[in-house]
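The values are calculated or read from the model by the stated rules, or taken from the named source; none is laboratory data. From a predicted model like this one, the values you see are computed outputs, not experimental measurements. Note that we place each Cβ from the backbone using ideal geometry, even for glycine, and neighbour counts take in every protein chain shown. Only protein heavy atoms, including side chains, enter the accessible area calculation; ligands, DNA and RNA are left aside. Shrake-Rupley method; radii C 1.70, N 1.55, O 1.52, S 1.80 Å.
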Protein chains: 2
Amino acid sequence: MGCRRMVMEQFLIGIDMGGTNVRMGIVTPEGKVLKKAQYRTDVSKGGLALFEQLVSNLKDLIRENFRESNQLIGIGIGVAGPIDMKKGLIMEPPNLPALKGFPLGDFLSEKISSPIAIENDANAFTLGEGWVGAAKGCKHYCGITLGTGVGGGIVVAGKILHGARGTAGEVGHMVINPKGPLCGCGGRGCLEVYASGTGIRRMALEAIEKGKGKGILKWSGRDPQQMTSESIFKAAQSGNVTAKKIFNEMGRYLGLGLINLIHLFNPEKIVIGGKVSRAWDYFIGSVMEIVQERSMKGPSEKLQIVKAERGDDAGILGAAYSALKRAE
Amino acid sequence: MGCRRMVMEQFLIGIDMGGTNVRMGIVTPEGKVLKKAQYRTDVSKGGLALFEQLVSNLKDLIRENFRESNQLIGIGIGVAGPIDMKKGLIMEPPNLPALKGFPLGDFLSEKISSPIAIENDANAFTLGEGWVGAAKGCKHYCGITLGTGVGGGIVVAGKILHGARGTAGEVGHMVINPKGPLCGCGGRGCLEVYASGTGIRRMALEAIEKGKGKGILKWSGRDPQQMTSESIFKAAQSGNVTAKKIFNEMGRYLGLGLINLIHLFNPEKIVIGGKVSRAWDYFIGSVMEIVQERSMKGPSEKLQIVKAERGDDAGILGAAYSALKRAE
């Protein structure tokens, strides 16, 4: 028998950095998540403490899992945008103001020797779903995450859209209703104020103030302060009419946002994920209705609007994918 | 003296096909318009008659100006979208319904032997301004034409955005106000119903019905039927308060549309052209005001909003540019 070469296996690390949870995963170059770690974090500690904790946990993960440093192709991290991609700088995240101005690129490259790719968290979600999820094989597609805020990513000819400085794809901050409520970004009536968890909560509070849908409160211990989009979803599932109406309304606004994406990007698919998307059955009807009623026939004809497939892994996967593309 | 090779000069033809005027130009590969021809057309004759007339005039132009067929690199034609780029098919233009379903690619390749590039007219405008106009040198920019309708084009990393089928960039059909007036596309409150010539005329008619701004009619021979965005512009120039307010209002809505483009594409520049843009001084103030007030700081920080520079030539130039890119 002749000489047999040892092939060393190589991996990626993907990090999904949220305001309350940070998820890390070891990912193969084929998009398989081999191992995951997760810890809770507290955004009120400020950007520096947050990222010091991240580096410490990341180093542990590397020490425990990689015998040789060249086994690690690279590390990708998805974090709240907008991000100045050239400078690796977090700009002014409407939902994570504590991170404002944090020089993430410089900070990480000082502490970590492996190559690092920084990506907007919603872009990471979108890339993950395109790599090994609901948009696999698509060249032109959009991703939307419905969470505390509304994030999004746009893929054009197989590449995530970054724009001039890297802040493109702020889907949650399209103006949907110019006379609508104020948004964290400084605008008014953005998609985010209707289709996010925060927006759903606001709509429920407004309904309760008007004396409607008090039954919704049953699912948050009768306390309006404890009410979340999840407790409102539970109310809808139990048949509460006002809760159902809220998700219908949210779906109508989300549909208007999708029309803009359809007319501007002519995507093959729009993938919707994030924790609020669990209420899919309660909003997708009114999404489809308004899209069919109001979008131009040509651009929408072959479009598919689908649910994300990779759940909480999408962010890890997309971050790892960014690191893989960077290494190529 | 040794042998000296004859270098044959080569040119492009760019065609800007509108509903009332068709403009043709002979263009150098460096973007200089050498010769122009223009004729009036009548869209009511239907797509076939329109394009037969086009072919006849085009053949005349070629016969009169090109001695050898290989002097002509290619022909580019900008026409009302949306266009199915793969099939070369005009889909359902909201402002030129007569062209609906016309198989332009097949029709032209049967009659003309030179290579032909078909492009959406607003994309052609955008490409022309990027080639040798207001967005020269930009990699990421958006173009908007304010005419009978509102058209647009998006350039991402130096390429015009076509999307899955070729219908991307329908900037005029972003929803700006979901409770707004019906739009020709089937939607409601699209940018087009506010920022187009048709939209401005509608706003003026509404004002007059309410008993305001009758002075506007002075510029259209006292006949509301004869009123156009141009006569309303003249009224504004002469100091008519209602006409000025209409352009202010139009600028506010246009600004909301720009915010969406800024948040989605993070462009370096937005170039605004088209005949309605002649009223620039009467709407740009309110555009800038709302953009500064409501757009996210990061994406808008280094953005420039500028006036188109190539006037009626932009469409010819962009169509020629498409033909040039096709030939490369």
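Going by what's in this entry, would residue A:208 be described as surrounded by fewer than 21 Cβ atoms within 10 Å (Cβ to Cβ), more than 13 Å from every other protein chain (Cβ to nearest Cβ) and either among the small types (Gly, Ala, Ser) or at negative phi (or both)? Spelling it out, residue A:208 is indeed surrounded by fewer than 21 Cβ atoms within 10 Å (Cβ to Cβ), more than 13 Å from every other protein chain (Cβ to nearest Cβ) and either among the small types (Gly, Ala, Ser) or at negative phi (or both). In this structure, residue B:31 does not satisfy being of a type outside the set (A, V, I, L, M, F, W, C), surrounded by fewer than 17 Cβ atoms within 10 Å (Cβ to Cβ), in a loop (DSSP other than H, G, I, E, B) and in contact with a Leu (Cβ under 8 Å, 6 or more places away or on another chain). The C-beta contact set for segment B:281-303 (first residue more than 8 Å from chain A (Cβ to nearest Cβ) and closer than 12 Å to residue A:175 by Cβ, second residue open to solvent by 30 Å² or more (accessible area, probe 1.4 Å) and of a type in the set (Lys, Arg), distance under 9 angstrom, 6+ apart or interchain) comprises B:290/B:252.
Among the residues of segment B:218-234, those that are more than 23 Å from residue B:151 (Cβ to Cβ) and surrounded by fewer than 19 Cβ atoms within 10 Å (Cβ to Cβ) comprise B:218, B:221, B:222, B:223, B:224, B:225, B:226, B:234.
Across segment B:291-326, the number of residues qualifying as farther than 26 Å from residue A:120 by Cα and open to solvent by less than 20 Å² (accessible area, probe 1.4 Å) comes to 9. When you look at residue B:72, is it within 14 Å of chain A (Cβ to nearest Cβ) and surrounded by 19 or more Cβ atoms within 10 Å (Cβ to Cβ), yes or no? In short, no. Pairing residues of segment B:179-200 that are closer than 16 Å to residue A:264 by Cα with residues that are of a type in the set (Phe, Trp, Tyr) and assigned to a helix (DSSP H, G or I), at Cβ distances under 8 Å and at least 6 apart in sequence or on separate chains, gives B:191/B:253. Checking each residue in segment A:52-69 for being touching a Ser or Thr at 6+ places or on another chain (Cβ under 9 Å) and either farther than 25 Å from residue A:30 by Cα or buried (at least 21 other Cβ atoms within 10 Å of the Cβ) (or both) picks out A:53, A:54. Looking across segment B:304-328, the residues that are assigned to a loop (DSSP other than H, G, I, E, B) and in contact (Cβ under 8 Å) with a residue 40 or more places away in the chain come down to B:308, B:309, B:310, B:312.
If you go through segment B:259-280 and pick out every residue that is more than 10 Å from chain A (Cβ to nearest Cβ) and either assigned to a helix (DSSP H, G or I) or open to solvent by 10 Å² or more (accessible area, probe 1.4 Å) (or both), you end up with 7. Checking each residue in segment A:235-245 for being buried (at least 17 other Cβ atoms within 10 Å of the Cβ) and farther than 12 Å from residue A:283 by Cα picks out A:235, A:240, A:242.
Right, residue B:164: open to solvent by 10 Å² or more (accessible area, probe 1.4 Å) and among the aliphatic types (A, V, I, L, M) or not? Spelling it out, residue B:164 is indeed open to solvent by 10 Å² or more (accessible area, probe 1.4 Å) and among the aliphatic types (A, V, I, L, M). Do we have residue B:192 as acidic (Asp, Glu) and open to solvent by 60 Å² or more (accessible area, probe 1.4 Å) here? So residue B:192 does not fit the description; no.
Go through the residues of segment B:143-158 one by one and say whether even a single one is touching a strand residue (DSSP E or B) at 6+ places or on another chain (Cβ under 6 Å), open to solvent by 20 Å² or more (accessible area, probe 1.4 Å) and within 11 Å of chain A (Cβ to nearest Cβ). Before the answer, list the steps.
Residues of segment B:143-158 touching a strand residue (DSSP E or B) at 6+ places or on another chain (Cβ under 6 Å): B:143-145, B:151-156.
From what is left, the residues that are open to solvent by 20 Å² or more (accessible area, probe 1.4 Å) are B:145, B:156.
Keeping just the survivors that are within 11 Å of chain A (Cβ to nearest Cβ) gives B:156.
Yes, segment B:143-158 contains a residue that is touching a strand residue (DSSP E or B) at 6+ places or on another chain (Cβ under 6 Å), open to solvent by 20 Å² or more (accessible area, probe 1.4 Å) and within 11 Å of chain A (Cβ to nearest Cβ).
Filter segment A:115-142 down to the residues that are open to solvent by 20 Å² or more (accessible area, probe 1.4 Å) and assigned to a helix (DSSP H, G or I) and list them by number. Listed by number, the residues that qualify are A:121, A:131, A:132. Applying the condition of being out of contact with any strand residue (DSSP E or B) (no Cβ under 9 Å at 6 or more places or on another chain) and touching a residue at least 12 places away in the same chain (Cβ under 8 Å) to segment A:223-234 and asking which residue is farthest from residue A:284 (Cα to Cα) yields A:224. For segment A:80-99, residues that are more than 10 Å from every other protein chain (Cβ to nearest Cβ) and either among the polar types (S, T, N, Q) or open to solvent by 80 Å² or more (accessible area, probe 1.4 Å) (or both) total 4.
Criterion first (modelled with pLDDT of 90 or more and assigned to a strand (DSSP E or B)) does residue A:101 satisfy it?
Working: modelled with pLDDT of 90 or more: yes; assigned to a strand (DSSP E or B): no.
So residue A:101 does not fit the description; no.
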